[in-house]
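A quick write-up on the structure given underneath.
Readers should treat all values here as calculations from the given coordinates under stated rules, not as data from a laboratory. Here the structure is a predicted model, which means the values were calculated and not measured. Every residue, glycine as well, gets a Cβ built from its backbone with ideal geometry; the counts of neighbours run over all protein chains shown.
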Amino acid sequence: MRKRIAIIGSGFAGISAAAYAAKEGNEVYVFEKNEAVGGRARQMTTPAGYVFDMGPSWYWMPDVIERFFEDFGYRTADFFELLPLDPQFEMVFADDTVAVPRSYDALKALFETMEKGAGSRLDTL
């Protein structure tokens, strides 16, 4: 039986829920409070023309994203190519900036400089 379904939010969870519901033959409506879709994966552009990604951390689980595309008969490579970055991203604080490295060993070393013992504790998580 075809249902009318409302999805609140157009982040990855909302868009994927909408896709699966539509795949099952339902009539799906997605509602978003922001001007653009994407949730944390959207972009923000300043009046001066600077563009900022809003912090998508979704690709830290590539197997989940790959499975989603496979459920619809595609591969992620059909739509985009990922290039490794080093550093992966920077965290900006009021009085400091921390560049997060690609290498796990470098990440452990970075954490160790921030707090004694923090690097080795990563292995226990």
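Sorting 111-120, 4-13 by their mean Cβ neighbour count within 10 Å, with the most densely packed peptide first, gives 4-13, 111-120.
Across the chain, the relative contact order, built from alpha-carbon pairs under 8 Å that are at least six residues apart, equals 13 percent.
Each part reduced to its alpha carbon centroid, the stretch 98-125 and the stretch 1-18 end up 38 Å apart. Amide H contacts under 5 Å for Ile5: Glu27, Val28, Tyr29, restricted to partners 5 or more places along the chain or on a different chain, H placed in the peptide plane at 1.01 Å from N.
Here the gap between Ala106 and Tyr29, fully extended at 0.36 nm per residue and compared with their Cα-Cα distance, gives a gain of 23.3 nm.
So, in the chain, how many Lys pairs have Cα atoms under 27 Å apart, if the pair is 8 or more places apart or on different chains? Write down the numbers at each step before the final one.
Values: Lys3/Lys23; Lys3/Lys33; Lys23/Lys33; Lys108/Lys116.
Going through the chain pair by pair, I get 4.
Secondary-structure-derived ellipticity at 222 nm for the chain, considering helices only, amounts to -8500 deg cm²/dmol, per-run term -39500 (n - 2.57) for DSSP H runs with n ≥ 4. Charged side chains reduced to their Cβ positions (Lys and Arg at +1, Asp and Glu at -1) give the chain a dipole of some 580 debye around its Cα centre.
Given an 8 Å cut-off on Cα distances and at least 6 residues of separation, report the relative contact order of the stretch 1-52 as a percent. Can you show the working numbers first?
Numbers: 64 pairs, mean separation 19.3, N = 52.
The normalised contact order for the stretch 1-52 reaches 37 percent.
Considering only Val30, Pro87, Ile5, the residue lying farthest towards the positive end of the dipole of the chain is Ile5, judged by Cα position with unit charges set on Cβ. For labels at Phe89 and Ala6 in the simple 7 Å Cα→Cβ model, what's the distance in nm? The modelled label-to-label distance comes out at 3.1 nm.
Taking every DSSP beta bridge that has both residues in the chain, what percent is antiparallel when rounded to the nearest 5?
On the way: 7 of 12 bridges.
Counting only bridges with both partners in the chain, antiparallel ones make up about 60 percent.
From the coordinates of this entry, P(r) over Cα pairs in 10 Å bins from 0, in percent is computed, and it appears in (1) 13, 43, 26, 13, 4, 1; (2) 14, 53, 32, 1; (3) 10, 27, 31, 21, 9, 1 under the label (3).
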